[in-house]
Amino acid sequence: MSQLNVNIVRSLYDAFDSHDMDGVLEHVDGDVQVFATEGLPWSGVYSGHAGVEEFIRAVEEHVQLTIETDELIDSGESVAQIGRTVGESYATGEHFDLREIHIWRLRNGKIVRFQNYVDTQEQRRILGLPPEEGPLDSIDPGSREPFWS
């Protein structure tokens, strides 16, 4: 079953690269959940087929991109994709080539969950957005206890 899951994810990427929304949705469960990286204009949780379409439209409002897959890793019900997001920011005209990871969960031959991970600070810079302060940015490094004592 897991090689089938890898093939389903590969087919979804092919449909995405061809701008074939019907082909994308063919591989997605009607109750799918999309968890988009925090700190970006398209961040958030999207649900169902309408949510997938909304997520893709939100991304495409800001960037033109392709996904380059270096590796698909079979993990039973999940498939991890390691690759690169390559494209151009509409706001700045800057080209980018960012490492990213996608985690896909499948059930009964359909994608039920998607989560992506990218270098948010670098993506924000490319989009012309100010840096976003994260939870660790406000910690004074001198105030931390050493890990090894």
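Laboratory data are not the source of any read-out in this text; all were calculated from the coordinates shown. Keep in mind the model is a prediction, meaning the values are calculated, not measured.
Quick one: work out Rg over Rh on the C-alpha atoms of the range 1-136, Rh as Kirkwood radius.
Values: Rg = 14.7 Å, Rh = 15.3 Å.
My calculation of the ratio gives 0.96.
The calculated 222 nm mean residue ellipticity attributable to helices in the chain amounts to -8500 deg cm²/dmol, summing -39500 (n - 2.57) over DSSP H runs of n ≥ 4 and dividing by all residues. The angle between the Cα long axis of helix 48-60 and the main principal axis of the chain comes to about 50°, on a 0 to 90 degree scale.
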